[in-house]
Amino acid sequence: MVGPVIATHSSRAHVQESIARGVLLAASAFVILAMAAIVVYLASEGLRLFFVDHISPLAFLGSAAFEPDSRSPGALAFIVGSLAVTFFAIVMGGPLGIAVGIFLSQLAPPRLGSIMKPAIEILVGIPSVVYGWLGLTLLAPLIRLHLGSQTGFGLLTAGIVLSIMILPTVISLSEDALKSVPVTIKEASMALGATRWQTIFHVLLPAARSGLTVALILGIARAIGEALAVQMVIGNSAVIPQGLLNPAATLTTEIVTDMGSAQQGSVLQHSLFSMAFLLLLIAMALITLVRWALKRSAL
Amino acid sequence: MTATTPSTATPFVRKDNASQRRLADAVATGLLWTAALGIVLLLAVFIGYLLYLGAHVISWHFLTAPPSEISAGGGIGPEIFNSFYILVLTLIFTVPVATAAGIYLQEYARPGLFNSTVQFCAESLATIPSIVMGLFGLIVFVQVLHWHFTALGGALALTLLNLPALMRVTQEGLASVPQALREGSMALGATKWQTIRRVVLPGSIAPLTTGIILIAGRIIGETAVLIYTAGVSVSPGRSAFNWNPFHPAETLSVHLWYTHSEGLVPDAVDIGNGSALVLLLIVLVFNISARILGRGLSRHFTGK
Amino acid sequence: MLSTEPVTTPVRATKLEVKDLNVFYGEFQAIKDASMDVPENRVTALIGPSGCGKSTFIRALNRMHDLSPGVTVKGHVRLDGQDIYGKDVDPVTIRHRIGMVFQRPNPFPKTIYENVVYGPKIHGLSDRRKLAEVCERGLRRAALWDEVKDRLNESALDLSGGQQQRLCIARVLAVEPEVILMDEPASALDPIATSKIEDLIGELKRDYTVVIVTHSMQQAARISDFTSFFLLGDLIEIGTTSEVFTKPKDKRTEDYITGRYG
């Protein structure tokens, strides 16, 4: 027989258990709720341009004429700008980030590793406006001086700033991906007489392929969503950029630049919400891509 | 003792591309070292340059005085206050919800539709651009609830943005507690919740604390999400240091951006230089204290 | 120590000569002054209780310890008379000549074909027809060809454990090493797969010198020509397998053989 004291104690424990479980479950459900609310609210504001102002999605996505006052909110210049700076960021920052990830996971002497980890953590923590400020005061003058750009502001400057900003993401994710490759595979390659670089290039990188893909996708996500650092150095000109040194604008910088002065209910405001909604869809698409890449590697 | 090596011995390098491979290996090693040291150098240059720009700006007056709208000589006192105030508000919301959700996912949830939906939503939240989250805050707190620009609205938008990171920190912290400890507690008849509260959570306190401080260091630098939620202004004069969560509360990072892009003051460059340096120093303090505290706690809780 | 003298009447030339080998993990000495001769075209087994240093010893024979920071190796290992720990010796070229098969099958996450031709490729062979030949020859010699010849482009990870281990052997054979080191190659396999690997080892010694670590005395007795016994980092005794198993010179060897150690 179980004594009564123990019985009541444990029944109270079971009540606590169900309460705790309920609270924890509610907190998890809140995450779904929050995301749903974001999608619903941004969609309802972001689709007004098409359903209230009756502007065709083609005129929004396919035209570079951004004149909301005359009902022409063409966002193509911003879309091209976003894609261009993101492309430069990933082309410059991606390989460098993976290289440092390789270094940290395979080459770094422990002492150096323990210096670099906090350094990368600090790079993550530096606010985007400070990166923007550095781009403004350090990089733009250099580009003005050496590349003959008039202002120093433009696609190239923004791309370089972004490539540095995505480095920590790419570095730490690619380091994790490479570290998760079993050491036995590395040994097998070395035991066949491969050099360290051959082992890295022919075995480790392919084996970590899906993790590295994820690192790059999340780097892209960070780059395409960054607003202020880009806005401070890109020159903010709503035209499709003709060259690397030309000023441009992106979806995010355009929101930052014009939201403050947009009348509630105006075509301008609606088109800015549409851009935000487009950015939300891009973010969700990239996350879906990440999950697909990870699932493929699990097979 | 070493015998003399017979001169007839087969050379180690047979028909092979060894010298070529060795060269490639050396070149690659050199490049990887360059990349890695380049990162450290880059950080050093950033810190040095910001010090060079901003050191002469920083004074007691600059750090405490309210900002000026038109004339030179404004400070960043209320902005520093607001940065920490909004940080604290954000943590008050984020920590309980994120740890609870993290505990659920790590300890209770079984693989299934609910679990993968939560994961997908958390990852999406983490990926939403800061400015987009800012517009969501603008819609909900400013347009629907008519709060206007408020510290509370900013903190809530920041909460959504940073929930996933803290959930992940929680999950990783819990995962670092050995399974044997859980089994030991359960075998004594403890319920799952009792086990989590008395064994698992205390066991993960060090990584949790470190993680929260590091995330706090990032929250304090968030900018885009706050422009259209907490606003770009502070109340005039003494009332700038305002504990009312329903007041507009421009933070230091927003101030740096605003002064540069829209400000009218003649000393905007100095204010920018000073603000950038102060932000950097705050981030450094957060990172260093996270490390020191994390190390201390883990020593304390794991018995040295 | 008397018992560590090399075998008195080597049947063949000495392929590997180990002299005064010491291995340290930081402060801890895992191998103490071990010396032995490994004869060419014979199977030499290393036996002893777990933790005795036999795996540490075999990993010193192709400089695998170079990969682990904190491990130091002192002494000499001579391959055909030349010290592989000598100055200016590139461990990469050593491992080309002294291959290794590990405890658990560790195929690359690539196709079967890519696994076998990996070695020849990194050593500079790029002719597709030759690679295909090398692949077939390697797989045949590893007695795996018939089982996989129709699925060379499938992932090696889809093979059974025993097939994976034979693939790893084929992968080593494809670089045409002179010595093959095997670190308990059958310990993760079932009995049938194990006996296939054992048959294979018997075949291999015609062309290669084989050194194998095994925790199973029966296995050592079945497949090896020479046996050396390790205990707590000491190489206690080495001799022909029949000598070591029937009339061990050292009391400790006898105790182990007769089952008085774990």
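Computed values, structure above
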| item | result |
| --- | --- |
| Set B:Ser233, B:Ser176, B:Ser185: member being among the hydroxyl-bearing types (Ser, Thr, Tyr), more than 21 Å from B:Ile131 (Cβ to Cβ), touching a residue at least 24 places away in the same chain (Cβ under 8 Å) and more than 11 Å from chain A (Cβ to nearest Cβ) | B:Ser176 |
| Condition check for A:Thr257: within 20 Å of A:Ser163 (Cβ to Cβ) and assigned by TED's automatic domain parsing to the domain that holds A:Ser72 | no |
| Helices (runs of 4 or more DSSP H) contained in segment C:152-244 and holding at least 1 residues buried (at least 17 other Cβ atoms within 10 Å of the Cβ) and either within 13 Å of chain A (Cβ to nearest Cβ) or at pLDDT 95 or above (or both) | C:161-173 |
| Some residue of segment A:172-189 being more than 21 Å from B:Leu32 (Cα to Cα), surrounded by 21 or more Cβ atoms within 10 Å (Cβ to Cβ) and among the β-branched types (Val, Ile, Thr) | no |
| Options C:Ala188, C:Ala143, C:Ala174, C:Ala170; residue that is at positive phi and out of contact with any Ser or Thr (no Cβ under 7 Å at 6 or more places or on another chain) | C:Ala143 |
| Unique match (being of a type in the set (A, V, I, L, M, F, W, C) and at pLDDT 90 or above) among B:Leu152, B:Leu188, B:Leu181 | B:Leu152 |
| Filter pass, A:Gly125 being touching a strand residue (DSSP E or B) at 6+ places or on another chain (Cβ under 9 Å) and crowded, with 21+ Cβ neighbours inside 10 Å | no |
| Tally, over segment B:228-268, of residues that are in a helix (DSSP H, G or I) and either surrounded by fewer than 17 Cβ atoms within 10 Å (Cβ to Cβ) or among the hydroxyl-bearing types (Ser, Thr, Tyr) (or both) | 7 |
| Filter result for C:Met64 (away from chain A (no Cβ under 14 Å) and at pLDDT 90 or above) | no |
| Count of segment A:249-283 residues which are within 8 Å of chain B (Cβ to nearest Cβ) and free of Cβ contacts under 8 Å to residues at least 12 places away in the same chain | 2 |
| Residue within segment A:209-226 that is facing chain B (nearest Cβ under 8 Å), over 30 Å from B:Leu226 (Cα atoms) and not polar (S, T, N, Q) present | no |
| Pairs with Cβ under 7 Å, 6+ apart, first in segment A:20-34 and free of Cβ contacts under 8 Å to residues at least 40 places away in the same chain and facing another protein chain (nearest Cβ under 7 Å), second part of a helix (DSSP H, G or I) and among the hydroxyl-bearing types (Ser, Thr, Tyr) | A:Arg21/B:Tyr108; A:Leu24/B:Tyr104; A:Leu24/B:Tyr108; A:Leu25/B:Tyr104; A:Ala27/B:Tyr104; A:Ser28/B:Tyr104; A:Ile32/B:Thr117 |
| Filter pass, C:Asp66 being within 19 Å of A:Thr199 (Cα to Cα) and among the charged types (D, E, K, R) | yes |
| Number of positions in segment B:13-34 that are within 11 Å of C:Val92 (Cβ to Cβ) and modelled with pLDDT of 85 or more | 3 |
| Boolean, A:Ser56 is hydroxyl-bearing (Ser, Thr, Tyr) and in contact (Cβ under 8 Å) with a residue 40 or more places away in the chain | no |
| Selection within segment A:150-184 - under 20 Å from A:Leu294 (Cβ atoms) and part of a helix (DSSP H, G or I) | A:Ile166, A:Thr169, A:Val170, A:Ile171, A:Ser172, A:Leu173, A:Ser174, A:Glu175, A:Asp176, A:Ala177, A:Leu178, A:Lys179 |
| Count - residues of segment C:173-188 that are under 12 Å from C:Asn62 (Cα atoms) and touching a Gly at 6+ places or on another chain (Cβ under 8 Å) | 4 |
| Matching residues, segment A:128-162, being surrounded by fewer than 24 Cβ atoms within 10 Å (Cβ to Cβ) and among the hydroxyl-bearing types (Ser, Thr, Tyr) | A:Thr137, A:Ser149, A:Thr151 |
| Lone qualifier among C:Asn106, C:Asn41 - being part of a loop (DSSP other than H, G, I, E, B), in contact with a helix residue (DSSP H, G or I) (Cβ under 7 Å, 6 or more places away or on another chain), modelled with pLDDT of 85 or more and not basic (Lys, Arg) | C:Asn106 |
| Boolean, C:Tyr118 is crowded, with 22+ Cβ neighbours inside 10 Å, free of Cβ contacts under 8 Å to residues at least 60 places away in the same chain and at negative phi | yes |
| Long-range neighbours under 7 Å by Cβ, at least six apart or interchain, first residue more than 7 Å from chain A (Cβ to nearest Cβ) within segment B:122-134, second assigned to a helix (DSSP H, G or I) and among the small types (Gly, Ala, Ser) | B:Ala126/B:Ala165; B:Met133/B:Ala157; B:Gly134/B:Ala157; B:Gly134/B:Ala224 |
| The one condition in (1) at pLDDT 85 or above; (2) part of a helix (DSSP H, G or I) that B:Ile58 fails to fulfil | (2) |
| Condition check for B:Gly263: at pLDDT below 85 and small (Gly, Ala, Ser) | yes |
| Checking B:Ala55 against (1) surrounded by 14 or more Cβ atoms within 10 Å (Cβ to Cβ); (2) more than 30 Å from A:Glu17 (Cα to Cα), the condition it does not meet | (1) |
| Selection from segment C:67-101 of residues that are under 20 Å from C:Glu40 (Cβ atoms), within 14 Å of chain A (Cβ to nearest Cβ) and free of Cβ contacts under 8 Å to residues at least 24 places away in the same chain | C:Ile84, C:Thr93 |
| Residue count for segment B:167-199, restricted to those that are among the charged types (D, E, K, R) and surrounded by fewer than 15 Cβ atoms within 10 Å (Cβ to Cβ) | 2 |
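Listed here are the residues, each with its yes/no results for (1) within 30 Å of C:Pro109 (Cα to Cα); (2) away from chain C (no Cβ under 14 Å); (3) touching a Lys or Arg at 6+ places or on another chain (Cβ under 9 Å).
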{"residue": "A:Gly135", "(1), (2), (3)": "no, yes, no"}
{"residue": "A:Leu139", "(1), (2), (3)": "no, yes, no"}
{"residue": "A:Arg144", "(1), (2), (3)": "no, yes, no"}
{"residue": "A:Leu162", "(1), (2), (3)": "no, yes, yes"}
{"residue": "A:Ile166", "(1), (2), (3)": "yes, yes, yes"}
{"residue": "A:Leu173", "(1), (2), (3)": "yes, yes, no"}
{"residue": "A:Leu178", "(1), (2), (3)": "yes, no, no"}
{"residue": "A:Val181", "(1), (2), (3)": "yes, no, no"}
{"residue": "A:Ile185", "(1), (2), (3)": "yes, no, no"}
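Residue-wise test of (1) among the small types (Gly, Ala, Ser); (2) more than 10 Å from every other protein chain (Cβ to nearest Cβ).
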| site | (1), (2) |
| --- | --- |
| A:Ala43 | yes, yes |
| A:Leu58 | no, yes |
| A:Ala65 | yes, yes |
| A:Ile102 | no, no |
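The values are calculated or read from the model by the stated rules, or taken from the named source; none is laboratory data. Source: prediction; values computed, not measured. Because the Cβ atoms are built from the backbone with ideal geometry, glycine has one as well, and the counts that use them run over all protein chains shown.
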